[in-house]
Amino acid sequence: MTGLKNAKAVENTDDYRNVFVFLEVREGKFLRSALEMIGVGRDIARKVNEKLVCLILGNNISKLADEAVEYGADLVLGAESPDLEEFRTLPYTSIVSDWVLKEKPNIFLIPASRNGRDLASRIAVKCQAGVTADCTELDIEHDTRILSANRPTYGESMLAEILCRKHRPQMATARPGIFKVPEKSRSENPEIRISKVKVDKSLKTKEIIEFRKKEKVDLSAAKIIVSGGLGLGKAEGFKALEKLAKTIGGEVGASRPAADLGWISRDHQVGQTGQTVRPRLYIAAGISGKIQHIMGMKNSENILAINIDPNAEIVTYSDYVIVGDVKDVIPRLQKEIDSYRKEHSGKKESKIASAS
Amino acid sequence: MALEIVVMVKQVPDSQEVVIDPVTMNLNRSLTRNVTNKADENALEAALQLRDEVGGHVTVVSMGPPQAESTMIECLARGADRAILVSDRFFGGADTYPTGLTVASAISKLEKVDVIFAGEESSDSSTGHVGPGVAEFLGMEQATYVSSVKYADGFIIAERELEDGTEVIKMPTPVLLTILLNANVPRRQTLKRKIAATKQGYEVWNLEKLGMPPEWVGVRGSPTIVRKMRPIKEKERAAKRFEIDQIPDLVRELFEIGALKLEEMQ
Ligand SMILES: Cc1cc2nc3c(=O)[nH]c(=O)nc-3n(C[C@H](O)[C@H](O)[C@H](O)COP(=O)(O)OP(=O)(O)OC[C@H]3O[C@@H](n4cnc5c(N)ncnc54)[C@H](O)[C@@H]3O)c2cc1C
């Protein structure tokens, strides 16, 4: 199928039905993005009464298929082989594009992770289709079944709405951490089709000699994040943040310069070149609020800024602001939270008792 | 064995000084300076290092308007052996599909290709799709997001940076590699090299040279279109201000709205 060929408009877009989502698996488990893809794909499919089709490649995937069904897959297409245990461009492209060409989906969503983009670019060319990269909003137009794919552009200042009118499937990669993990919601007649495949030798040219895993803090699942920036003044500043985070059941985050200085490891970094987070509460201590940081945390439900400068940029992105020096504010916040707890933990029990 | 190496580069608007036209919501190109995409400079450097070590030639291929001349000269001045600007009014307005097709078509006209380098993505469109697209058009193995490259006996050994760690991979040539931004330090252009580069010049290939139908390329060959652009509106936030002595009030409010929860505390 390779060769220099053009993107081909399809004759009849009505021949193309259903929503494909690619579910990324690492070390035998779904990445969080897999559930995000199910969530957004399910919403789109149900809007136009079409099927959500989940694609899973790996070695032992029957449990994963069941999990996808719990979350609402109408159909799971699976391919199993020891050669599919790790992501490799050529075999994954071959299997997935075979499914696309055979099943003719209207829409195909893939996470905009590194492997996701690696795959999506190749599938688009192989299937002579259009793909919109790194979307943060996805919707479907009811009558035309055209995907409205929206992606930030010009340094995240603008949102471009991109359509693919005549080519199918309408492909998009979706930025991880943006779409919500959905509630479980089983479809009425789910179907699972897993086949054992043999990967052709010609597709096995990439040998993975070694994988060096990073110890990674997963901030994307945190309910509360306490982040620190250059305003902390020194590495020790993070000690107080760690203590506070621990008390309130949160994780510690950081701005890039704080990580650059080695005050905390890189895997805590939030922002454009770090993680994208959406906790219930985001506390930004001594962080100025430059756009590259904001991009990574602006979807947090509640944002509390702690800054010595009442006019810092972070203020306009915040629900709450404490103006003051972190050296005074953090210990005081810790103290007040501790005493609130002491005061209320007794009361809470009595509340439960009276409710029953 | 000498390697024939290709580097895909793109000229982009300088991201430090992007000016948006408030009426059209598009980039005001006349006010924006053009530079070579930074990750492509890292791709070129990786290519030059490989050539200097193993021997061979580095050919730079770029699709772009005539003003990409400065990028072509810059790549030669940094040490590329040959530069080809694929340029024609038909190529304008291309999305990633026809861009990949056009670049792949130009590369397929070269006598021999062992390794293709590209930047991980361009700073103006940030898709990362064109490099792998070219690999698919040419039926080649690929490795994306590469931070280091070695060559031995017909194989490339590369380190590939993923979200959760580093993959060390081995692939036979031909192969396409996309190089991470800041993976290396690009060598400087010297005045002497710059003069030589200007004298040497670069080639311009048009659509006729590629021999593709005009409806395959540029805006006509693009499956996607931009319907509209709008400024990203952030959620309005109250920025309710508290002085240090009011922290007890804030703490109470955070518990009351459920931002903090007693049952989650440790
Ligand atoms: C391509 C690119 C990608 C980037 N990616 C990221 C990214 O992913 N994440 C990221 O965070 N940044 C990123 N940056 C960097 C970003 O532009 C900013 O430089 C960075 O976010 C600023 O970090 P900061 O807020 O910690 O430091 P500063 O901007 O220096 O802000 C420090 C703040 O602390 C306040 N302060 C000072 N002293 C005190 C005190 N005693 N008590 C209370 N407040 C105090 C100051 O008023 C100020 O607001 C990126 C930049 C580029 C160009």
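Take the alpha carbon atoms of the stretch A:61-95, find their center, do the same for the stretch B:100-156, and report the distance between the two centers in whole angstrom. A separation of 27 Å, based on Cα centres. Contact order for the stretch A:219-354, expressed relative to its length and based on alpha carbon pairs under 8 Å spaced 6+ residues apart, stands at 21 percent. Compute the orientation-averaged projected area for the stretch A:13-203 from the convex hull of its Cα atoms and round it to one decimal in nm². Averaged projected hull area, Cα only: 10.3 nm².
For B:97, A:320, A:16, the sequence from fewest to most other C-beta atoms within 10 Å is A:16, A:320, B:97.
Take A:224, A:107 and order them by how many other Cβ atoms sit within 10 Å, fewest up front. Could you put the intermediate results ahead of the total?
On the way: A:224 21, A:107 28.
The fewest-first ordering by Cβ neighbours comes to A:224, A:107.
Applying a DSSP loop filter and a limit of 14 other Cβ atoms within 10 Å to the trypsin sites (Lys or Arg not before Pro) in the stretch A:205-269 leaves A:214, A:216, A:234. Bridgeable aspartates and glutamates around residue A:206 (alpha carbons under 16 Å apart, same-chain partners fewer than 8 residues away excluded): A:83, A:85, A:86, A:118, B:114, B:136, B:141, B:153, B:159, B:161, B:167.
Peptide A:120-133 has a mean of 6 when you count, residue by residue, the C-beta atoms of other protein chains within 10 Å of its C-beta.
Give me the distance between the Cα centres of the stretch A:136-153 and the stretch B:186-263, rounded to whole Å. Comparing the Cα centres of the stretch A:136-153 and the stretch B:186-263, I get a distance of 19 Å. Among A:108, A:22, a tally of other beta-carbon atoms within 10 Å of each Cβ gives an order, fewest to most, of A:22, A:108.
Using helices alone, what [θ] at 222 nm do you get for the protein assembly as shown, with -39,500 (n - 2.57) per DSSP H run of 4 or more residues, divided over all residues and rounded to the nearest 500?
Working: 15 runs with 179 residues, N = 622.
Helix-only estimate at 222 nm: -9000 deg cm²/dmol.
Cross-link partners for residue B:209 among the lysines, with Cα-Cα distance under 16 Å and sequence neighbours closer than 8 places in the same chain left out: B:109.
Counting pairs of alpha carbon atoms under 8 Å apart in space and at least six apart in sequence, what relative contact order in percent does chain B give? Can you show the working numbers first?
Values: 501 pairs, mean separation 61.1, N = 266.
In percent, rounded to a whole number, it is 23.
Enter the angle in degrees (range 0 to 90, nearest 10) between the Cα long axis of helix A:89-103 and the first principal axis of the Cα atoms of chain A, meaning the one along which they spread out most. So the helix axis and the longest Cα principal axis differ by about 60 degrees. Once the dipole of the stretch A:145-231 is set up with Lys and Arg at +1 and Asp and Glu at -1 on Cβ about the Cα centre, which of A:177, A:147, A:209 lies farthest towards its positive end? Toward the positive end, the furthest listed residue is A:209.
If you look at the Cα atoms of the stretch B:46-123, you get an Rg and a Dmax of 13.0, 39 Å.
State which entries of A:47/A:180; A:335/B:235; A:29/A:196 exceed 26 angstrom in Cα-Cα distance in the structure shown.
On the way: A:47/A:180 17 Å; A:335/B:235 31 Å; A:29/A:196 19 Å.
In this structure, A:335/B:235 exceed 26 Å between Cα atoms.
Within the stretch A:300-344, which residues have the backbone N less than 15 Å from the label spot 7 Å out from residue B:249 along Cα→beta-carbon, could you tell me? Flagged as within label range: A:320-323.
Counting only Cα atoms, the stretch B:182-266 measures 72, 42, 27 Å along its principal axes, largest extent leading. When Rg and Dmax are taken over the Cα atoms of the stretch A:219-354, they come to 15.0, 52 Å. Entry note: the protein assembly as shown has Rg to Rh equal to 0.99, where both radii use alpha-carbon atoms and Rh is the Kirkwood radius.
The numbers here are math on the coordinates, done by the rules we state, and not lab data. Source: prediction; values computed, not measured. A quick note on method: Cβ atoms are made from the backbone with ideal geometry, for glycine too, and the neighbour counts reach across all protein chains shown.
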